[in-house]
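S.K.: Before I ask anything, here is the structure I am working with.
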Amino acid sequence: MKRLPVLALLLWVCAVFYVGIFLFVGGFLLVRLEVNRSSTCEDVLLPDSGGDFCWREPRFRRAVVLIVDALKADFAQYDPGNMSPRPYENKLPVIEELVSSHPAHAGLFTFLADPPTTTMQRIKGFMTGSLPTFIDVGNNFASSAVLEDNLVHQLVQAGKHVVFMGDDTWENLFPKKFHRSLPFPSFNVKDLHTVDDGILQNIYPTLKGDDWDVLIAHFLGVDHCGHRYGPDHPAMAEKLTQMNGVIRSVIEHLQNDTLFVVMGDHGMTETGDHGGESQKETEAALFLYSQSPLFPGPRSQLKPEVVPQTDLVPTLALLLGIPIPYSSVGQILTPLFPLDGQTTSGPADLTQSEALWINAKQVNRFLETYSSMAKDISPESLSRLKADFTRLSAQYLSTVQQGRPPSPEVLRSMQGYLTSARETCRASWAKFNPLKMAAGLAVLAAACVLCFVLSELSAAVVSVDGVGLRAPAVVGLVGGASVAGLQAASLGHVDAAWCLAAAAFSSEVVFLWRVPGISSASRASQRLLRFPLLVLFLRCCSLLSDSYVIAEGRVVTYLLFSLCLYVPLRLNWEGFLAATTPPDAQKPPGALQPLALPAWVVRREGGVLLVCVGVLVGSLYLSLALHGCREEQGACQPSPFLSPLARVQDSRRRNLHYVLSVAALGAWTYLLYRWLCHYGNLNHAGAAVFAARWLLPLASMLTGLHWAASSTPEDRFRSLAELIALAQVVLPRGVFSLLGLGMLLLWLDPLTVFLKPRALAHTRGPSRPRPRYRASTGISPQAELHHLIPQLYQRIRHSLEDGVTKEGPEEGSRPAVEAYGLGTVYSAPLLLLYGLLGLGLLLLHPESMAPAFLLLLMEGGALLYLHATSTTLSSQQVTHLNSFTVPWAPVVLWSLAATQFFHATGHLPTFPSIQWSAAFVGFPQGHTGTTIPAMLVVLNTFTSHILFAVACPLLLFWPFVCEVKSGHGWRGGTEESEDVIMEMRLRENPQQFSSALLHLATRYLFVCGVQVFASVCAAAILRRHLMVWQVFAPKLMFEASGFLVSSAFVFVGVALVMRVDVAVSRLFKRLLPESSR
């Protein structure tokens, strides 16, 4: 068997796909250019000011900014007529009291966030006044310092003392900027109190002191409560009530020259998540208050109901007497500034016209600088904005020179200019690099063609020495090096993306040009018109529609159901579900004759086929009850099984869910154990069997205990709080350790074959005595006999007896050997790895997801038996004999099942649906780095991709596992062909075995790859679509990430098969004499 060449080919194919994805994403999701310039007090922005505005007395000398993370706009509203408020309603009455009793001193607004609605991006937004880009969401795990001009930098430059306490994200974003800093760890979403309690211990002493000018406190309890319990939970009521008390207490400490700001950075969905751009996620609350009049305008001047978060930056800057940050595109909140000629508390207060002029001139300066550094804002838009600013500038300056205030029309023109500038930047900063996108599309398209050709010509490719990779590798290296040299000579630098593109594309072209039998592959392209690939084509087309992407869970379920019904319908159409008649003597001698299966075999396989279809349909139907809901789906209600048991308030329902989860966990373990036992794979005393017999059940038991500890209500067992906290650390880490040990042992010793010596009879032939069987196998002797691979042992005995005949009676004591479990020697380790991985991934999900994992196991088993039965019935046709290839239908079904169970485990291709709580399984106190939590979240998100990918080789083995034996010679008529040798048939044909593995792996990669290609095409074609950032861009990111994970674990599965093959080779070398090999 050619092991390394096959693995090298798979690695190369995956690498080509990775390069294509990297290229396209690099052109589609570019980060906007950051302007590293800062505003200064020397900027003369007022006409005839005789200096700059920094020298003017600021309206407010101090400011207290309270960020209540995830303070949704609804949370701050108060409805006195609501007699039965929900846990998050009417919990902040202090805001309503101040707004209604002191309208000139207080104001409540909807604070509109720009997506992505993750904490780090929101902090950047309301500190710099700039707009984020989509790719910024990926940085939420690792906050990097803000390089653009921002409020914190301007405050420090003005000599103000900024004191911070709370979320440690600020310390990462603004290192060494604070006069005093008290950061607390923020990533542990299960911890509702540490950050908030730390702030409360320090905020009041700080307010009483004089060593601060601006105090920033970032509370996290509300956000963490939403992540852990959701907004509709008593814990949320407690947290909001606590925040109400904080606001009331802080107000009591304020002086007349202090501005008080309370705001949320983003909202939350009904499940407590955020990150996307739905209304519930983008609408936060903003509350402004001061002991002195804050809104000096007349009552007739209406306050805006909605304030974009970018508008806070210029407003706070001018109120505190510091320059507006250079890159801000926000607009001042005009009701906070007096009209011209209106009396104010101080003669130096900026009027609305002065504030708008400073704001407009600052934005114009930024646009001029940015347009000189980057070309992503269209010239037409820049010309229009420049003309607007020139016109309003002339109008404003002429009125100032005439000594009269600007007219309301001029003020509206400046506001319109600022709004237009912001919207132009928002539209332009979704910038694309069409050349990189096109290169990525080309490389991905070539990779899909490459996969198809490899799957069709796997036998020819494997038969070539070196598998034809030498020339593509050399040409790829030369192509990449040539592009690097040209770039270095012409541009002075090297862009790695284009070097990789050249290397990947040139290697693909050379391989397709040199591969043997390419003409036959082109003829095989007619097979693309087969029904399974038409289903795959429909699946790819659905990715171009936002409606189908939103309803993807049900769309994939329908396609899976349709293709499932196609299999028995095709068999019936071709006559394989009826016992065939004897060969027709009237047919010409050269015509194909059907090979008759016995009637009882056809009836039995037909019954198995119907049972598989029934189990599959039942699993699909039940899994629909486990789906989540997107924000766009309106009245959709997410499954109650998606909530952790700790969120369930009804004790009966919580207990019922726990019992169902433990029962599903036990069934998962039992079914895997029973299958291994049935095929004789648990008789061996090796490491893999130890993992199956002991480690897997023990890990299951610890998982059940962990669920019991994590679902225990904190308020009911306070006396056991320390023990429960210890259990939440020890139990999951114990499970991870056991499963890791099991997988290590499986790799080191993957054989599950039991060898039993038996005294040899000196006679040969049918009089040989029947062997006796161990009673410890747990199954009947008849079943044991069926799975002993009789002809294999017969060959071993023949070889040994030949040695007796030739070497004399002194060698007659050489024992014959019986091997249990050899018929499933490849599939058993794969299934054990599947069980170990599945149990570890289940631990990363909510406890109630255990039934979903059981349905996943049942659906996977039904697909395997459906494929095996179809192969058995199709073997009546001569063209199906001795074929190791896996048809398209099971491969497409396998891939669709992976996508379907992505949704059935509560996941969605949206960022708010990411189950961040997985990062804290076994680590309730949080992490010191970001690698482990990121890895745990990835494993949780792509669980179904991992399980179906690593088990993909089972599609090759299962028809041999279920091989039928009959005494009527239906498999060819010879005595040897009647033997049921199961997976040893692959071992007897190592060349075909290698090509079959390559064939299956490349087909699966092709099916996954064309879906990535379809997502890429959708994002490229619809890049200006209204829903691109809400639907198509997240779908692209999840589809691409899913392919990366799937391809990696397909490689793991194939590598394990080859590891087993090495072990089998060593076993045979020990068993057979040199002369008989």
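S.K.: Identify all residues within segment 257-272 that are assigned to a loop (DSSP other than H, G, I, E, B) and open to solvent by less than 20 Å² (accessible area, probe 1.4 Å); write none if there are none.
M.R.: Result: G264, D265, H266, G267, M268, T269, G272.
S.K.: Does L720 fit the bill of being within 27 Å of N683 (Cβ to Cβ) and open to solvent by 20 Å² or more (accessible area, probe 1.4 Å)?
M.R.: Numbers: within 27 Å of N683 (Cβ to Cβ): no; open to solvent by 20 Å² or more (accessible area, probe 1.4 Å): yes.
Here the answer is no, as L720 does not meet what is asked.
S.K.: Given the condition part of a loop (DSSP other than H, G, I, E, B), out of contact with any strand residue (DSSP E or B) (no Cβ under 8 Å at 6 or more places or on another chain) and aromatic (F, W, Y), answer yes or no: does some residue in segment 180-199 qualify?
M.R.: Scanning segment 180-199, I find at least one residue that is part of a loop (DSSP other than H, G, I, E, B), out of contact with any strand residue (DSSP E or B) (no Cβ under 8 Å at 6 or more places or on another chain) and aromatic (F, W, Y), so the answer is yes.
S.K.: Determine which member of the set A721, A725, A699, A685 is in a loop (DSSP other than H, G, I, E, B), aliphatic (A, V, I, L, M) and farther than 22 Å from L954 by Cα. Spell out the reasoning first.
M.R.: Details: A721 fails: in a loop (DSSP other than H, G, I, E, B); A725 fails: in a loop (DSSP other than H, G, I, E, B); A699 fails: in a loop (DSSP other than H, G, I, E, B).
That would be A685, the only listed residue that is in a loop (DSSP other than H, G, I, E, B), aliphatic (A, V, I, L, M) and farther than 22 Å from L954 by Cα.
S.K.: Another one. Mind listing whichever residues of segment 62-114 are charged (D, E, K, R) and crowded, with 16+ Cβ neighbours inside 10 Å?
M.R.: Passing the criteria: R62, D69, K72, D74, E89, K91, E96, D114.
S.K.: Test P638 against the criterion of being under 29 Å from the mean Cα position of the chain (by Cα), outside any helix (DSSP H, G or I) and not hydrophobic (A, V, I, L, M, F, W, C), and give yes or no. Spell out the reasoning first.
M.R.: Working: under 29 Å from the mean Cα position of the chain (by Cα): yes; outside any helix (DSSP H, G or I): yes; not hydrophobic (A, V, I, L, M, F, W, C): yes.
When the stated conditions are applied, P638 passes them.
S.K.: If you don't mind, there's one more thing I want to ask. Mind listing just one residue for me: the one in segment 414-432 that is crowded, with 16+ Cβ neighbours inside 10 Å and at pLDDT below 80 and, of those, nearest to Q1011 (Cα to Cα)?
M.R.: F432
S.K.: Ok, one more. Looking at segment 1003-1014, is at least one residue surrounded by 24 or more Cβ atoms within 10 Å (Cβ to Cβ), modelled with pLDDT under 95, of a type outside the set (F, W, Y) and touching a helix residue (DSSP H, G or I) at 6+ places or on another chain (Cβ under 6 Å)?
M.R.: So far as segment 1003-1014 goes, no, none of its residues is surrounded by 24 or more Cβ atoms within 10 Å (Cβ to Cβ), modelled with pLDDT under 95, of a type outside the set (F, W, Y) and touching a helix residue (DSSP H, G or I) at 6+ places or on another chain (Cβ under 6 Å).
S.K.: May I ask you to list pairs of residues, at least six apart or on different chains, whose Cβ atoms are under 7 Å apart, with the first in segment 248-270 being under 30 Å from P116 (Cα atoms) and the second being assigned to a strand (DSSP E or B) and open to solvent by 10 Å² or more (accessible area, probe 1.4 Å)?
M.R.: Short answer, once both residue conditions are applied: F260/Y289; V261/V65; G264/K72; G267/K72; G267/E283; M268/K72.
S.K.: Let me ask you something else. Can you confirm whether A1018 is at pLDDT 90 or above, closer than 27 Å to A8 by Cα and assigned to a helix (DSSP H, G or I)?
M.R.: Considered against the rule, which asks whether it is at pLDDT 90 or above, closer than 27 Å to A8 by Cα and assigned to a helix (DSSP H, G or I), A1018 comes out as no.
S.K.: Which numbered condition trips up L695, out of (1) in contact with a Pro (Cβ under 9 Å, 6 or more places away or on another chain); (2) at pLDDT 95 or above?
M.R.: (1)
S.K.: Of the residues V400, V410, V363, only one is open to solvent by 30 Å² or more (accessible area, probe 1.4 Å), aliphatic (A, V, I, L, M) and in contact (Cβ under 8 Å) with a residue 12 or more places away in the chain; which? Break it down into steps so the answer makes sense when it comes.
M.R.: On the way: V410 fails: open to solvent by 30 Å² or more (accessible area, probe 1.4 Å); V363 fails: open to solvent by 30 Å² or more (accessible area, probe 1.4 Å).
Among V400, V410, V363, only V400 is open to solvent by 30 Å² or more (accessible area, probe 1.4 Å), aliphatic (A, V, I, L, M) and in contact (Cβ under 8 Å) with a residue 12 or more places away in the chain.
S.K.: Restricting attention to segment 547-577, report how many residues are closer than 28 Å to C1017 by Cα and open to solvent by 40 Å² or more (accessible area, probe 1.4 Å).
M.R.: 5
S.K.: Considering only residues that are more than 30 Å from S290 (Cβ to Cβ) and open to solvent by 20 Å² or more (accessible area, probe 1.4 Å), which ones fall in segment 225-256?
M.R.: Hits for segment 225-256 are H227, R228, Y229, D232, H233, P234.
S.K.: Moving on. Which one is modelled with the lowest pLDDT among residues in segment 292-315 that are touching a strand residue (DSSP E or B) at 6+ places or on another chain (Cβ under 9 Å), assigned to a loop (DSSP other than H, G, I, E, B) and open to solvent by 50 Å² or more (accessible area, probe 1.4 Å)?
M.R.: K303
S.K.: Under 7 Å between Cβ atoms, which residue pairs at least 6 apart in sequence (or on different chains) link something in segment 826-847 that is under 13 Å from L751 (Cα atoms) with a partner that is surrounded by 24 or more Cβ atoms within 10 Å (Cβ to Cβ) and of a type in the set (S, T, N, Q)?
M.R.: A828/N681; A828/T752; P829/T752
S.K.: Could you go through segment 457-465 and let me know if any residue there is outside any helix (DSSP H, G or I), of a type in the set (V, I, T) and under 24 Å from S995 (Cβ atoms).
M.R.: yes
S.K.: State all residues of segment 99-126 that are out of contact with any Pro (no Cβ under 8 Å at 6 or more places or on another chain), under 16 Å from L336 (Cβ atoms) and aliphatic (A, V, I, L, M); if no residue qualifies, say none.
M.R.: V99, A106, L108, listed by residue number.
S.K.: In segment 354-406, how many are closer than 21 Å to T334 by Cα and polar (S, T, N, Q)?
M.R.: 6
S.K.: Suppose we filter L842, L856, L837, L866 for residues that are surrounded by fewer than 23 Cβ atoms within 10 Å (Cβ to Cβ), hydrophobic (A, V, I, L, M, F, W, C), at pLDDT 90 or above and assigned to a helix (DSSP H, G or I); which single one remains?
M.R.: Working: L842 fails: surrounded by fewer than 23 Cβ atoms within 10 Å (Cβ to Cβ); L856 fails: surrounded by fewer than 23 Cβ atoms within 10 Å (Cβ to Cβ); L866 fails: surrounded by fewer than 23 Cβ atoms within 10 Å (Cβ to Cβ).
Of the residues listed, the single one that is surrounded by fewer than 23 Cβ atoms within 10 Å (Cβ to Cβ), hydrophobic (A, V, I, L, M, F, W, C), at pLDDT 90 or above and assigned to a helix (DSSP H, G or I) is L837.
S.K.: Any idea how many residues of segment 664-682 are touching a helix residue (DSSP H, G or I) at 6+ places or on another chain (Cβ under 8 Å) and in a helix (DSSP H, G or I)?
M.R.: Matching residues across segment 664-682 total 13.
S.K.: Just checking, does segment 79-91 include any residue being touching a helix residue (DSSP H, G or I) at 6+ places or on another chain (Cβ under 9 Å) and of a type in the set (A, V, I, L, M, F, W, C)?
M.R.: No, the conditions are met nowhere in segment 79-91.
The values are calculated or read from the model by the stated rules, or taken from the named source; none is laboratory data. This one's a predicted model, so the numbers in the text were calculated from it and none came from an experiment. Quick reminder, even Gly has a Cβ in these numbers, built from the backbone with ideal geometry, and neighbours come from all protein chains shown. These area figures cover heavy atoms from the full protein model, side chains too; ligands, DNA and RNA do not enter into them. Shrake-Rupley method; radii C 1.70, N 1.55, O 1.52, S 1.80 Å.
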